[in-house]
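Chemist: Next up is a structure, given as C-alpha cells.
The values are calculated or read from the model by the stated rules, or taken from the named source; none is laboratory data. Predicted model only: the values in this text are computed from it and were never measured. Cβ atoms come from the backbone with ideal geometry, glycine included; neighbour counts cover every protein chain shown. Calculation scope for accessible area: heavy atoms of the full protein, side chains included, ligands and nucleic acids excluded. Shrake-Rupley method; radii C 1.70, N 1.55, O 1.52, S 1.80 Å.
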Amino acid sequence: MEILALVKRVPATDSKIKVAGDGKSIDPQGIEFVLNPYDEFAVEQALKTKEALGGTVTVLTVGGPESQKELRTCLAMGADKAVLMKHEGPELDAHALATVLAAKIEELHPDLVFCGRQAVDTDDAQVGQRLAALLGWSCLSDAGTFELSDGSWTGTRDIEGGKESVKGSLPAVITCNKGLNEPRYPNLKGIMMAKKKPLEECEVQGAENKETLVALTPPPARPEPAILGEGPEAVAVLMDKLKNEAKVL
Amino acid sequence: MNGEEWTNFRLTEEQEMIRDTARKFAEEQLLPQAVDIDLEARFPAETFRQMAELGFLGLPISEEMGGAGMGYFAYCLALEEIAKVCASTALGLEAHISLCTYLIDSFASEEQRRKYVPDLASGEKLGSFGLTEPEAGSDAGGTRTVARRDGDSYVIDGRKAFITNANHAGTFVITARTDSESSTGTKGISAFIVERDTPGFHIEKGETKLGMRGSDWANLVFEGMRVPVENRIGGEGEGFQFFMKTLDAGRVAIGALALGIAEGAYERALRYAQERMAFGKPLAKQQAVAFKLAEMATRIECARHLVYHGCRLKDQGVEAFAKEAAMAKVVASEAATFCADEAIQIHGGYGYTAEYHVERMYRDAKLCEIGEGTSEICRLVISRRILAD
C-alpha cells in the first residue's frame, strides 16, 4: 500500500507571535518551528497503517528549504521517503495548495493520503477536503478513529455531542484529529537512519492564489486588571460593572 | 534562550533532532510528573523504560556496543533538555551513562565490554557507580572497602554511600582496596564490576534528600561478597585512575545537567517577569528585576560555552581535559544555584510553592555543586593543572 502523509512546518504553539513589518506575515525571529501537531497524527496513522498492511510511507510538504528539518523528523519517526515541493514567497491559499498537491498526487498515485485536520498557523482546515474534491476521492475529515479492511475504510468523526461513523472507498483523503492516535517520538535509530533516506525536491509550478491575505492583526492587549474595592462595599460596584460594562448579567 | 542563538557551536542535523526530541519528550512526558516524583521521592521507572525504547540510555555509546553512537555532545544536549524540566530524571540518566556504562566501555577488557555494555546501552539494565563511602568522599583515598583475593575470586567487605540508581540498577562498578586493610591513599584501589544478585550484596535504603528526590539513591553494603577475578577492571591498583578519568567526563555531563536547571529556572522567571504586573508595569520593566534576568542570562551563556567546549574536547578524543571539565562543572553548577535562587526571588511568594517549579530547581541545583566532585575538588583539579603548567 502506498501511503502519503502531508505535513507543514508551523510556529510552535507556545511561540509569541509578532506581526512583521509588512503587516501580513509573522516575524520569524526567535520563533521555534515544529511539525504541525495535527500532522503528527497523520504521520503516525500512516506509519501504523504501513506496519499493519505493509507498503511505503512518503511525507510531503510545500515550503521553503527550512522545511527539510520537519521532513527529516518524519523520516526519523519511520517514514520511508520525503518530498519537498519548494515554494517561497507569499503562502499559497487553500485552493492553490490543493491544486498543486493534487497534481503531485496524480504522479505519486498513493492509495491513501493522511493530513492534519488543520495547520495551527493559519487554522484554515480546508486543504484535505479540497484535495479529495479535486481528486474525486472519498474523504473522512476530523478522523477520531480509522480502520482499513478489504479495500475500504471505516472511521469516526467527533461531532457536537456524539460521533459520526462513516464508511468509504479507496483511494481516500483522511484529515486527522487529536485523539486518533498517540504520535511516536523519533527514536535514535530512526534519527540515524533519517539521513540516509531519500528526500526529493521539486518546484511548485503554476500555483495561483484566488485569495489574498490583506492583513494580520494581533489580538487586542488584555486590559489591565483593577481592584474595585474590598469587602461588602465592593459588591455593588462589581455588580454594576458586570451589568453595564461587561454586560454578562 | 536556546542553542540556535549560539552560533559558534553549530549543531549537526542529527544533534538538532536529538535535542528537539529530548525537549518534546521532556515537556510532554516529564513535566506532568516532575512535581509529583519530587514530592513522593519516587524514581520514575516507567520513564526510564520509555527512554530506553527511544535509545537514550545508550546515546553516546558506540553502535558496535549496542548504543546509538551519537557522541558526547548530542548526549549532553539531551541531558540539558531533560534537566530543564526534571533534573532528577536527568541525574539517573547521567549516572547510568557517564559513570557506569562509560567506565566499563572505556576501561574494561574487550570481553568485559561485550558482556556488560550492550545490556546497559539498550537499557535492559540500569547502571550504577559506587565510589563514595561514609568516610571517603572528596578524599577517595580514604576508601575502606576491602577486596581480599581468595583463589579465583575476591571477597569484598565494606559500604558505599549515596549511590545513584542503586535500587534499580542491575550492574554496578565499585572500588575496593586490594592492598591491605590498614592502608590509605589511592594506589591500592581496584575497580570491580558487580552484578545485582551477587550473594553478600545488600542495598540499604538511602537517606531523605534535599533535592533530586525523583532520582534514586541507596547505600551499598558488601558482606563477604564473592566476586570472580574476571570482574576486576584492569590490574590490581589501577581502579582509582579509571574512576577519576570517568569523573572528568562525568563533570561535563553534570555541567550540562546544571546548565539545563539554570535555563529552566531562567525561562520560568523570564516568562513570569513579563506577565506579572506590579506598580503598574510588568516586573521585567523594573530595573531591579531586569538586572537579575541579565545576570542570569550572562551566567547561562558562560556555562554553555564551557560545557559545550568540554563536550567537543571529549568528542575529539582529547584525553587531558580534566581542567576544562572541572571549569565547566563549577561554572554551570554555580549558575544553576544562582539562577534557581534568583528565579524564586523574582516569583516572590509563588516561587516558594511547589506548583511554580523553581523551588524544586533550587533544591535540585545544589546537588550539582556536590556530586561527582564538589566545587572545592573541582577548583583543586583546576589549580593543580594550572600550577603544573
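Chemist: Taking the criterion of being more than 25 Å from A:L112 (Cβ to Cβ) and either among the acidic types (D, E) or in contact with an Asp or Glu (Cβ under 8 Å, 6 or more places away or on another chain) (or both), would at least one residue in the stretch A:46-53 satisfy it?
Modeler: Step one: of the stretch A:46-53, the residues more than 25 Å from A:L112 (Cβ to Cβ) are none.
The answer is no; no qualifying residue exists.
Chemist: Test A:L170 against the criterion of being more than 30 Å from A:L101 (Cα to Cα) and touching a Leu at 6+ places or on another chain (Cβ under 8 Å), and give yes or no.
Modeler: no
Chemist: Do you know which residues across the stretch B:1-55 are modelled with pLDDT of 95 or more, open to solvent by less than 50 Å² (accessible area, probe 1.4 Å) and in contact with a Cys (Cβ under 9 Å, 6 or more places away or on another chain)?
Modeler: Passing the criteria: B:A26, B:L30, B:Q33, B:A34, B:I37, B:D38, B:P44, B:T47.
Chemist: Check the stretch A:60-81 and report whether any residue there is touching a Cys at 6+ places or on another chain (Cβ under 7 Å) and part of a strand (DSSP E or B).
Modeler: Step one: of the stretch A:60-81, the residues touching a Cys at 6+ places or on another chain (Cβ under 7 Å) are none.
Checking the stretch A:60-81: not a single residue is touching a Cys at 6+ places or on another chain (Cβ under 7 Å) and part of a strand (DSSP E or B).
Chemist: Scan A:K210, A:K196 and give me the residue that is within 14 Å of chain B (Cβ to nearest Cβ) and either open to solvent by less than 70 Å² (accessible area, probe 1.4 Å) or over 19 Å from the mean Cα position of the chain (by Cα) (or both).
Modeler: Numbers: A:K210 fails: within 14 Å of chain B (Cβ to nearest Cβ).
That would be A:K196, the only listed residue that is within 14 Å of chain B (Cβ to nearest Cβ) and either open to solvent by less than 70 Å² (accessible area, probe 1.4 Å) or over 19 Å from the mean Cα position of the chain (by Cα) (or both).
Chemist: Moving to a separate point now. Identify, please: which residue in the stretch A:82-97 is part of a loop (DSSP other than H, G, I, E, B) and under 20 Å from A:Q129 (Cβ atoms) and is, among those, nearest to the other protein chains (Cβ to nearest Cβ)? Before you say what the answer is, go through the steps one by one.
Modeler: Just the residues of the stretch A:82-97 that are part of a loop (DSSP other than H, G, I, E, B), to begin with: A:87-93.
Within this subset, residues satisfying the condition of being under 20 Å from A:Q129 (Cβ atoms) are A:91-93.
Details: A:E91: 23, A:L92: 26, A:D93: 30 Å.
Filtering first and then ranking leaves A:E91.
Chemist: Considering only the stretch B:32-76, state which residues are among the hydrophobic types (A, V, I, L, M, F, W, C) and away from every other protein chain (no Cβ under 12 Å).
Modeler: Keep residues of the stretch B:32-76 that are among the hydrophobic types (A, V, I, L, M, F, W, C), which gives B:34-35, B:37, B:39, B:41, B:43, B:45, B:48, B:51-52, B:54, B:56-57, B:59, B:61, B:65, B:68, B:70, B:73-74, B:76.
Selection gives B:A34, B:V35, B:I37, B:L39, B:A41, B:F43, B:A45, B:F48, B:M65, B:F73, B:C76.
Chemist: While we're here: Quick check on my filter: what residues within the stretch A:40-59 are open to solvent by 20 Å² or more (accessible area, probe 1.4 Å) and part of a helix (DSSP H, G or I)?
Modeler: Let us first name the residues in the stretch A:40-59 that are open to solvent by 20 Å² or more (accessible area, probe 1.4 Å), namely A:40-41, A:48, A:50-56.
A:E40, A:F41, A:K48, A:K50, A:E51, A:A52, A:L53, listed by residue number.
Chemist: Okay, moving on. Enumerate the pairs (first residue in the stretch B:66-95 and on the phi > 0 side of the Ramachandran plot; second residue anywhere and open to solvent by less than 10 Å² (accessible area, probe 1.4 Å) and in a helix (DSSP H, G or I)) with beta-carbon separation below 7 Å, excluding pairs fewer than 6 apart on the same chain, so at least 6 apart or on different chains.
Modeler: B:G66/B:G58; B:G66/B:V117; B:G66/B:A121
The rows are residues; the columns are (1) more than 21 Å from B:Q50 (Cβ to Cβ); (2) in the same structural domain as B:I104 (by TED's automatic domain parsing); (3) not small (G, A, S).
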site	(1), (2), (3)
B:K115	yes, yes, yes
B:A121	no, yes, no
B:E135	yes, no, yes
B:T145	yes, no, yes
B:D150	yes, no, yes
B:S153	yes, no, no
B:D157	yes, no, yes
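Chemist: Only one residue in B:G264, B:G255 is crowded, with 19+ Cβ neighbours inside 10 Å and closer than 16 Å to B:H347 by Cβ. Which one?
Modeler: None of the others qualify; the one that does is B:G264.
Chemist: In the stretch B:138-230, which strands (runs of 3 or more DSSP E) lie fully inside it and hold 2 or more residues that are out of contact with any Ser or Thr (no Cβ under 6 Å at 6 or more places or on another chain) and open to solvent by less than 40 Å² (accessible area, probe 1.4 Å)? Show your work before the answer.
Modeler: On the way: elements: B:146-150, B:153-164, B:171-177, B:189-195, B:201-205, B:217-228.
Per the criteria, B:153-164, B:171-177, B:189-195, B:217-228.
Chemist: State whether the residues of the stretch B:379-387 include one that is in contact (Cβ under 8 Å) with a residue 60 or more places away in the chain, touching a helix residue (DSSP H, G or I) at 6+ places or on another chain (Cβ under 6 Å) and open to solvent by less than 20 Å² (accessible area, probe 1.4 Å). Don't jump to the end; show me each part of the working.
Modeler: Looking only at the stretch B:379-387, we keep the residues that are in contact (Cβ under 8 Å) with a residue 60 or more places away in the chain, and these are B:385-386.
Remaining after also requiring touching a helix residue (DSSP H, G or I) at 6+ places or on another chain (Cβ under 6 Å): B:385.
Among the residues that remain, those that are also open to solvent by less than 20 Å² (accessible area, probe 1.4 Å) are: none.
Checked the stretch B:379-387: no residue is in contact (Cβ under 8 Å) with a residue 60 or more places away in the chain, touching a helix residue (DSSP H, G or I) at 6+ places or on another chain (Cβ under 6 Å) and open to solvent by less than 20 Å² (accessible area, probe 1.4 Å).
Chemist: Could you tell me whether any residue of the stretch A:14-33 is within 27 Å of B:A68 (Cα to Cα) and open to solvent by 30 Å² or more (accessible area, probe 1.4 Å)? I'd like the intermediate steps shown before the answer.
Modeler: Taking the stretch A:14-33 and keeping what is within 27 Å of B:A68 (Cα to Cα), we get A:32-33.
When the remaining residues are screened for being open to solvent by 30 Å² or more (accessible area, probe 1.4 Å), the result is A:32-33.
Looking for residues that are within 27 Å of B:A68 (Cα to Cα) and open to solvent by 30 Å² or more (accessible area, probe 1.4 Å), one finds at least one in the stretch A:14-33, hence yes.
Chemist: Might you check whether a residue that is among the aromatic types (F, W, Y), within 14 Å of chain A (Cβ to nearest Cβ), surrounded by 23 or more Cβ atoms within 10 Å (Cβ to Cβ) and under 25 Å from B:F162 (Cβ atoms) occurs anywhere in the stretch B:108-124?
Modeler: Applying the first criterion (among the aromatic types (F, W, Y)) to the stretch B:108-124 yields B:116.
The next check asks that each one be within 14 Å of chain A (Cβ to nearest Cβ); those that pass are none.
No: the stretch B:108-124 contains no residue that is among the aromatic types (F, W, Y), within 14 Å of chain A (Cβ to nearest Cβ), surrounded by 23 or more Cβ atoms within 10 Å (Cβ to Cβ) and under 25 Å from B:F162 (Cβ atoms).
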